Amino acid sequence: MGFFRKKTTQWKQENGLRSINFCMPISLLQELDWWKKATGTNRSEIIRAGIRMYIREKKSQLADQEKKELEAWQIKQQNQRRQVNTGLLPDF
């Protein structure tokens, strides 16, 4: 049953955690605290904004990757058509 007990302050410090509720590295929490002081917003708002930015960035990366794959497939299809039209490949 020791697994479910709360972590001690010493355990948190040894494992680089400030709070068992957040379970984030101290360096990240310190950076969030800096943003909190600089912008006047609370930590949870900053975290939510960071997550939204991360999701937007990932979506744009996926869209760019899909676009590149589609362009590569279209070029491959065009090349195959050219080869068929020039008689290099048999027309099935």
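Nothing in this text is a laboratory measurement; each read-out follows from the coordinates by a stated rule. On a predicted model such as this, the values are computed, not experimentally measured, just so you know. We place every Cβ from the backbone using ideal geometry, glycine too, and count neighbours over all the protein chains shown.
Can you give the local net charge around Leu70? Use residues other than it whose beta-carbon is closer than 13 angstrom to its beta-carbon, Lys and Arg +1, Asp and Glu -1. Don't skip to the answer; put the middle values down first.
On the way: positive: Lys67, Lys68, Lys76; negative: Asp64, Glu66, Glu69, Glu71.
So the environment of Leu70 carries a net charge of -1.
Between Lys58 and Asn42, how many nm apart are label points set 7 Å from Cα along the C-beta direction?
2.6 nm
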